[in-house]
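*Asks:* Here it is, the structure in full.
The values are calculated or read from the model by the stated rules, or taken from the named source; none is laboratory data. Quick caveat: nothing in here was measured; it's all calculated off a predicted structure. As a convention, Cβ positions derive from the backbone with ideal geometry for all residues, glycine included, and neighbour counts pool all protein chains shown. Accessible surface areas use protein heavy atoms only, side chains included; no ligands, DNA or RNA. Shrake-Rupley method; radii C 1.70, N 1.55, O 1.52, S 1.80 Å.
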Amino acid sequence: MLPIQNNIGLYTDHYELTMAQGYFLSNRHLKRASFDYFFRKNPYKGSYVVFSGLSSLLEMIEAFHFSPEDCDYLLSIGFQSSFVDYLRTFRFQGNIHAVREGELVFPYEPTLRVEGTILETQLIETLLLNVLNFESLIATKASRIRLAAGDRILMEFGLRRAQGLGGVHASKAAVSGGFNSTSNVFSAYYFDLESSGTMAHSWIQSFDDELEAFRTYAKHYPDECTLLVDTYDTLKSGIPNAITVARELHQQGHELAAVRLDSGDLTYLSKKARRLLDDAGLQHVKIVASNQLDEIIIQSLLSQGAPIDIFGVGTSLAAGKEDAALDGVYKLAHFDGTPSIKVSENIAKMTLPGIKAIHRFVDQDGLFGADGISFADEPDYEFIHHPTDPHKQKEISKYTKESLIQEAMHDGKNILSKQTPAEVAQYTQKRLKQLPEEHKRFLNPHVYKVGISEKLQQNRNDLAKQYLKKDLF
């Protein structure tokens, strides 16, 4: 387990514990509750999110406990001894239902539901939001980069500029979103990822000349040699020296794998490098490009005909640029046998009450047409209604219906089969092929339709009227 999991019970916000203590002291801690996780806005001005982090979350919830040292600390900061004694044997024993990891999800959908006592469902809120928001953000970014790069190789290089230990899960989420490998050796070991890497400019600078640096590196790594060619002069020095080493390797029964460009005009340099390599009979040598890449830059490079085979992406991926956070929230939807709602004068901020299901409606070509949200025990419905505009609705009776929610944890135990990040990525790519093209463009993508059933709409409106003392519309 990751180091933080030794003190997993303290991986929370202070107010979660004050509320938990309040529930305990008022003898309300065993009342049943259900919380929904959802987000209201897609990141990156896109139209979808790749749901990621479920496997990490379930592992951490199974490990969620308070050690003797944790309990001593809570006593030292003022929590009452009776409550702390309760925490000494605490384990999460609730149920979790969620969409499949790697699924494409959309705003306002309750993509994960936590059921249990009010105390246990409250205590895991911060942990849940921290894991799901971050991994989903990074996996979504990775999927966009994969869309831009096509079937070219993608390597994640972001650990050195990630937000601290967030870089560990960023590498996992990057592969879940479509990347082939990571430079992060810890994540590769822990999550069973492929690790990869080349060299830095410092290797070349440490030698008297570039050719000596290349030859020495090739001597040690003859079958996996990628040479960084822009330390001095890419076209006059780097590529010619790489060609020399490639010929020497060939004479020894080996082949140069690739050259790497890390600065300058990548379109111009990659075209020139490709011509020089091809003229030298080195058509098999790949070109790797890095240096502040993202999906927009990669799309631009390829549209200009840059002959780049492999992209290394770091900061923009691991840090989730240009949106450093997904605004996922965790809201109470059912308490003590009764649907619950958070009301607001702004209907977009109002939550959906009760225990719910999500359905995906798929057309005859296998493409996604819309998603519907209804009560979990609700029979088939023929229309979905816009969550905030009562005048908009969509008929869905002619579509094939898929249920997206599955049980992931039962009585505190993970019941899902283990999937590697690469297997998650395969599922994501399959689902992206079912998402119509207009939803995948980077500039002004078409909004994917998500609606609610008439029964759910009416229940929400009735509860809102009860609390607001006026009609919703």
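*Asks:* So which pairs qualify, if the first residue must be in the stretch 141-162 and open to solvent by less than 10 Å² (accessible area, probe 1.4 Å), the second must be assigned to a strand (DSSP E or B) and of a type in the set (D, E, K, R), the Cβ gap must be under 9 Å, and the two must be at least 6 apart or on different chains?
*Replies:* Partner pairs satisfying both residue conditions: Ala142/Glu156.
*Asks:* Here's something else I'd like to know. Consider only pairs whose beta carbons are under 8 Å apart and that are at least six residues apart or on different chains; among these, list those whose first residue lies in the stretch 246-259 and is at negative phi and in a helix (DSSP H, G or I) and whose second residue is open to solvent by 40 Å² or more (accessible area, probe 1.4 Å) and at pLDDT 95 or above.
*Replies:* Between residues of the stretch 246-259 that are at negative phi and in a helix (DSSP H, G or I) and residues that are open to solvent by 40 Å² or more (accessible area, probe 1.4 Å) and at pLDDT 95 or above, the close pairs are Ala246/Glu255; Glu248/Arg215; Leu249/Glu255.
*Asks:* Specify the residue that is nearest to Glu224 (Cα to Cα); the eligible residues are those in the stretch 163-200 that are among the charged types (D, E, K, R) and open to solvent by 30 Å² or more (accessible area, probe 1.4 Å).
*Replies:* The residue in question is Glu194.
*Asks:* Considering only the stretch 357-370, I want to know if a residue exists there that is among the β-branched types (Val, Ile, Thr) and either under 20 Å from Ser47 (Cα atoms) or in a strand (DSSP E or B) (or both).
*Replies:* yes
*Asks:* Evaluate the stretch 126-133: report whether one residue or more is buried (at least 19 other Cβ atoms within 10 Å of the Cβ) and hydroxyl-bearing (Ser, Thr, Tyr).
*Replies:* No, every residue in the stretch 126-133 fails to be buried (at least 19 other Cβ atoms within 10 Å of the Cβ) and hydroxyl-bearing (Ser, Thr, Tyr).
*Asks:* Could you list all residues from the stretch 180-194 that are in contact (Cβ under 8 Å) with a residue 60 or more places away in the chain and touching a helix residue (DSSP H, G or I) at 6+ places or on another chain (Cβ under 6 Å)?
*Replies:* Phe191, Leu193
*Asks:* Considering Leu282, Leu269, which residue is assigned to a helix (DSSP H, G or I) and in contact with a helix residue (DSSP H, G or I) (Cβ under 6 Å, 6 or more places away or on another chain)?
*Replies:* On inspection, the qualifying residue turns out to be Leu269.
*Asks:* Looking only at the stretch 290-299, decide whether some residue is closer than 27 Å to Tyr44 by Cβ, hydroxyl-bearing (Ser, Thr, Tyr) and not in a helix (DSSP H, G or I).
*Replies:* Checked the stretch 290-299: at least one residue is closer than 27 Å to Tyr44 by Cβ, hydroxyl-bearing (Ser, Thr, Tyr) and not in a helix (DSSP H, G or I).
*Asks:* Another question, if that's okay. I need a count of the residues in the stretch 411-427 that are open to solvent by 90 Å² or more (accessible area, probe 1.4 Å) and not in a loop (DSSP other than H, G, I, E, B).
*Replies:* 2
*Asks:* What pairs can you find where one residue is in the stretch 292-303 and surrounded by 20 or more Cβ atoms within 10 Å (Cβ to Cβ), the other is of a type in the set (Val, Ile, Thr) and at pLDDT 95 or above, and their Cβ atoms are less than 6 Å apart, with a gap of 6+ or different chains?
*Replies:* Leu293/Val313; Glu295/Ile145; Leu301/Thr267
*Asks:* If I filter the stretch 13-36 for residues that are closer than 30 Å to Ile145 by Cα, in contact with a helix residue (DSSP H, G or I) (Cβ under 8 Å, 6 or more places away or on another chain), touching a residue at least 12 places away in the same chain (Cβ under 8 Å) and open to solvent by 10 Å² or more (accessible area, probe 1.4 Å), do I get at least one hit?
*Replies:* No - not one qualifying residue is present in the stretch 13-36.
*Asks:* Please go through the stretch 325-376 and pick out each residue that is free of Cβ contacts under 8 Å to residues at least 60 places away in the same chain, in contact with a Ser or Thr (Cβ under 9 Å, 6 or more places away or on another chain) and of a type in the set (A, V, I, L, M, F, W, C).
*Replies:* Across the stretch 325-376, the qualifying residues are Ala357, Phe361.
*Asks:* Give the stretch 261-291 a look and list any residue that's open to solvent by 30 Å² or more (accessible area, probe 1.4 Å) and either touching a residue at least 60 places away in the same chain (Cβ under 8 Å) or in contact with a strand residue (DSSP E or B) (Cβ under 9 Å, 6 or more places away or on another chain) (or both), or say none.
*Replies:* Asp262, Arg274, Lys286, Asn291
*Asks:* Quick one: which of Arg91, Arg100, Arg28 is within 24 Å of Gly320 (Cβ to Cβ), outside any helix (DSSP H, G or I) and modelled with pLDDT of 95 or more?
*Replies:* Sole residue among the options that is within 24 Å of Gly320 (Cβ to Cβ), outside any helix (DSSP H, G or I) and modelled with pLDDT of 95 or more: Arg100.
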